[in-house]
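Heads up, the thing below is written out as structure tokens.
The values are calculated or read from the model by the stated rules, or taken from the named source; none is laboratory data. Being a predicted model, the structure only gives us computed values, none of them experimental. Reconstructed Cβ throughout: ideal geometry from the backbone, glycine too, with neighbour counts over all protein chains shown. Calculation scope for accessible area: heavy atoms of the full protein, side chains included, ligands and nucleic acids excluded. Shrake-Rupley method; radii C 1.70, N 1.55, O 1.52, S 1.80 Å.
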Amino acid sequence: MFDPPILSRHDARICVVGGGGSGAALAYDLALRGFSVLLLEKGEFTSGTTGRHHGQLHSGARYAVGDREIARECMEETLVLRRIVPQAIEYNGGIFAAIRDDEADYAPAFVSACLEAGIPAREIPAAEARAREPALNPALKRSVWVPDGTIDAYRLAASFLSAAAALGAEMRAFTELVGVETSGGRIQGGTIRDPCGREERVSFDCLVSAAGAWAGEVGALAGLDIPITPAPGTMVAVRGRISDMVLSRLAPPGDGDILVPQRGLSIIGSTQTRADSPEGILPTKAEIEFLFRRADELVPGFSAAPFHAAWAAARPLAGRAASDAEGRAISRDFAVLDHGTEGVSGMFTLIGGKATVLRAMARKAADAVCAHLGIREPCRTADFPLPSWRSLDAFQARMAGRGTAGSGGRTGGTA
Amino acid sequence: MIEVILRIRDGGGYAELTGRFPEDSTVLDALETLRARAEAEARGAVSGSGPASGAIPAPDRGGAPAARVPHYRHSCHHGSCGTCGAVINGLPSLMCLTRFSELSAPRPREPGGPAREPERDPRGALVVTLDPLPKGTLIAGIAARPTAALEAIPEEYSYLRPSEDAGRAPLPADPTRDAAPRETKGGLTSPGRVRFEACIECGLCSASCPVAVPFMGPAALAAVNRQREKNPDSADRMLEQAARPDGAPACERHLHCSRVCPQAVYPGKHIQLLRNALAGRAQ
């Protein structure tokens, strides 16, 4: 039974824009700290980058050499998520595989960087790795075990949404923020458009944009120029569960170097480009062929498995990149921008980040809201196992019954 | 490329959108392309270049403004989340896995029906009609949540199950297991290989089911049987639920559920297994 105590109630109403992973975790964090929460999502919950992400629960090993701090944060968060949302995680660990000589040479630096970031990586003999995951390339030279796993992206985020809903957060899908209202340099409220196209004015004391790759669009409503680069990546799924462990190339982060198993699928990813807009991004044939080639290096025969689907989603890189290479150089770390200095006091933008650290992203944003309001409330989202994502549907149905979430009618009984 | 007329349910009528798409394009890819286009035009921000990563070429609309796309649900785009179910040309399907090439070929117009040639307009364009899943909670457009289909899934049902072992050596020793105690639901207490259940809770099975009496539905009964199989401790409770009047006895064996399931869960098989177990218990 999910029934965490609310330690104190606050009058302030906080509007969260974005119903992806970070917005979901933020709505829960704020509700648990006793705030009144309104979450707005212009489409279905998790219909942006969250749902379409690769599905890797990152131990942080991928980032250990390049960015120690985000690696450490991934490791801490992976343990928390395994504790509070176990039903949305296939946890089987992962293997970083050296296929080429230069990758084998990378092993010592990789393992020591992991250990320094608090990730208990360790080298295991190549023969042992292949006994555990026989699909690995027989040319495997060295292999390193790490505590990686697989996330069901939709169900992870929806579990946070369920928790927020259980605490009374008002969450509105297919409801877009279309205008922001300020007075005397302070945020006052905004205009929203509901699923039926009706517009209404709503009041709130703070606005947190957790719109990910859409942060630029949300910022523009308040006349802000948000430094964000939508950076699409493509993934390809084939049918068949080629491994249980996440398989990665033992090399600095690159394209097509991670194979994530999930249910009855095996998913190779990713690529990284840049886009002006995060909408309508689809994979190209060249990307799909490239990913198949890369997957075959890791797991020979991958491309011969039955094709299932290919998709793309825009990462929300925090910063501006003039080229793809510059995009690669941008850290996957996250930050909270306080727009008080730009004449919009009470508005914040959560930028950057990754699915694995969604709870830490939410904590940072909620901390900023508390500091702005002069309220001291600790983050307690690591303390309680979350309710099932299935209770979100029941909650949405209750909301619909109150006439606040669209027409809410029952669709016809026969096809 | 293939010329497509998308007729999308929107309130009492249909919004009609046309476009040219690659034959291997999914229905969802087409909706995403049309929606991105319409939203960009609404913002007055259409650029000739389009996104850097390859979008489907903009549909040729002969200079007419892009029509608004009615609301639809989507998330993972690879048949994993179960949100994008819709009735596509009469058949409950996932929009992310249904390609125009499949819709161009003979296909049943209703669950269990004979395959028939697709509808085409006088110019030969493929007509694709999208309706919301029946028995769902309608939000707007074709966005409907399969709330009722999932309501009776038992709270103790574990979404995890042992992975296919396939003769592999056990997972390596794991120093982080102590830090994150193992999931204990569904009898999974050993640190073995795990995976999610096949069911993605999309509700296509319930949407296709013709049973008109109160019925918890195929998805819930499949979950009940999976939990019974995985965890003997819960078997009695699961059979009790299956025996309810709105449980296995309400099933009329149409088997549409098994035909439309995109994950080969075969809910009809699980209902039969529950019947067998109930009969065995009665003896």
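So the values come out like this:
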{"item": "Sites B:Asp236 and A:Ile375, calculated FRET efficiency, Cβ-Cβ separation with R0 41 Å, nearest 0.05", "result": "0.25"}
{"item": "Fraction of accessible area attributable to carbon and sulfur, the protein assembly as shown (%, probe 1.4 Å)", "result": "51"}
{"item": "Positions from the range A:63-100 whose accessible area shrinks by 10 Å² or more when the full protein complex is built, not the chain alone, probe 1.4 Å", "result": "A:Leu79, A:Arg82, A:Arg83, A:Pro86, A:Gln87, A:Ile89, A:Glu90, A:Tyr91, A:Asn92"}
{"item": "Prolate/oblate/rounded call for the range B:85-155, Cα gyration tensor, a/c under 1.5 rounded", "result": "prolate"}
{"item": "Where the protein assembly as shown is the region considered: accessible area per residue in Å², 1.4 Å probe", "result": "36"}
{"item": "Cα gyration tensor shape of the protein assembly as shown, rounded if a/c is under 1.5, else prolate or oblate by comparing a/b with b/c", "result": "rounded"}
{"item": "Area hidden from solvent between A and B (accessible, protein heavy atoms only, 1.4 Å, total, Å²)", "result": "6300"}
{"item": "Residues whose placed amide H lies under 5 Å from that of B:Arg195, excluding near-sequence neighbours", "result": "B:Arg161, B:Ser163"}
{"item": "Between the range A:252-287 and the range B:238-275, the alpha-carbon center distance in angstrom", "result": "37"}
{"item": "Total formal charge among the other residues, if their Cβ is under 13 angstrom from that of A:Gly51, Lys/Arg +1 and Asp/Glu -1", "result": "-1"}
{"item": "Helix B:267-282 vs. chain B, principal-axis angle (Cα, 0 to 90°, nearest 10)", "result": "20"}
{"item": "Cα-based helix-to-principal-axis angle, A:68-84 vs chain A, degrees rounded to 10", "result": "70"}
{"item": "Convex hull volume of the range B:211-262 per residue (C-alpha atoms, cubic angstrom)", "result": "71"}
{"item": "Two-decimal Rg/Rh across the range A:76-220, once Rg and the Kirkwood Rh are taken from alpha-carbon atoms", "result": "1.19"}
{"item": "Karplus-derived 3J(HN,Hα), 6.51/-1.76/1.60, for each residue of the range A:307-324, Hz, glycine and proline x", "result": "5, 10, 6, 9, 8, 9, 8, 8, 5, x, 6, 7, x, 10, 10, 8, 9, 4"}
{"item": "Prolate/oblate/rounded call for the range A:1-151, Cα gyration tensor, a/c under 1.5 rounded", "result": "prolate"}
{"item": "Residues with amide H under 5 Å from that of A:Val180, placed H, sequence gap 5 or more", "result": "A:Thr191"}
{"item": "Within the range B:192-248: Cβ-based charge dipole about Cα centre, in debye rounded to nearest 20 (Lys, Arg +1; Asp, Glu -1)", "result": "200"}
{"item": "Exposure rank, largest accessible area first [A:Ser323, B:Ser163; 1.4 Å]", "result": "A:Ser323, B:Ser163"}
{"item": "Size of charge dipole - the range A:244-379 - debye, nearest 20, with Cβ of Lys, Arg +1 and Asp, Glu -1, no other charges", "result": "260"}
{"item": "Scaled radius of gyration (Cα, divided by 2.2 N^0.38 Å) that chain B gives", "result": "1.18"}
{"item": "At least 20 Å² of accessible area lost relative to the chain alone, listed for the range B:86-126 with a 1.4 Å probe", "result": "B:Leu97, B:Arg99"}
{"item": "Debye log10 I(q)/I(0) for the range B:127-169, one point scatterer per Cα, at q = 0.21, 0.23, 0.29 Å⁻¹", "result": "-0.77, -0.83, -1.00"}
{"item": "Unit Cα scatterers, Debye sum, chain A: log10 I(q)/I(0) for q = 0.06 Å⁻¹", "result": "-0.24"}
{"item": "Å³ per residue enclosed by the Cα convex hull of the range A:245-316", "result": "113"}
{"item": "Under the Karplus curve 6.51 cos²θ - 1.76 cosθ + 1.60, θ = phi - 60°, whole-Hz ³J(HN,Hα) for the range A:140-153, x wherever Gly or Pro sits", "result": "3, 9, 9, 8, 10, 7, 9, x, 7, x, 10, 9, 8, 4"}
{"item": "Amide H partners (placed H, <5 Å) of A:Gly94, local residues excluded", "result": "A:Val146, A:Asp148, A:Val246"}
{"item": "Counted charge near A:Arg68, where neighbours are those whose Cβ lies closer than 11 Å (Asp, Glu -1; Lys, Arg +1)", "result": "-4"}
{"item": "Packing-based ranking, highest mean first, of A:6-15, B:215-224, A:94-103 given that Cβ atoms within 10 Å are counted", "result": "B:215-224, A:94-103, A:6-15"}
{"item": "Chain-alone versus full-assembly comparison, the range A:250-297, residues with accessible loss of at least 40 Å² (1.4 Å probe)", "result": "A:Arg263, A:Glu279, A:Gly280, A:Leu282"}
{"item": "Hz values of 3J(HN,Hα) by residue in the range A:160-170 - Karplus curve (6.51, -1.76, 1.60), Gly and Pro given as x", "result": "5, 4, 4, 4, 4, 4, 4, 8, x, 5, 8"}
{"item": "Listed pairs A:Lys42/A:Lys354; A:Lys42/A:Lys364; A:Lys285/A:Lys354; B:Lys135/B:Lys269; A:Lys354/B:Lys269 exceeding 30 Å between Cα atoms", "result": "A:Lys354/B:Lys269"}
{"item": "Within-10-Å neighbourhood charge of B:Ile200 [Cβ basis; K, R +1; D, E -1]", "result": "-1"}
{"item": "Per chain B, cysteines lacking a partner by the 4.7 Å Cβ criterion", "result": "B:Cys84, B:Cys96, B:Cys199, B:Cys202, B:Cys209, B:Cys251, B:Cys261"}
{"item": "Most positive-pole-ward Cα, A:Pro138, B:His71, A:His372, against dipole of the protein assembly as shown from beta carbon charges", "result": "B:His71"}
{"item": "Rounded to 10°, Cα long-axis angle of helix B:218-230 versus longest principal axis of chain B", "result": "40"}
{"item": "CD proxy at 222 nm, helix term only [per DSSP H run n ≥ 4: -39500 (n - 2.57); per residue of the protein assembly as shown; nearest 500]", "result": "-8500 deg cm²/dmol"}
{"item": "Percent RCO, i.e. relative contact order, over chain B, from Cα pairs under 8 Å lying at least 6 residues apart", "result": "16"}
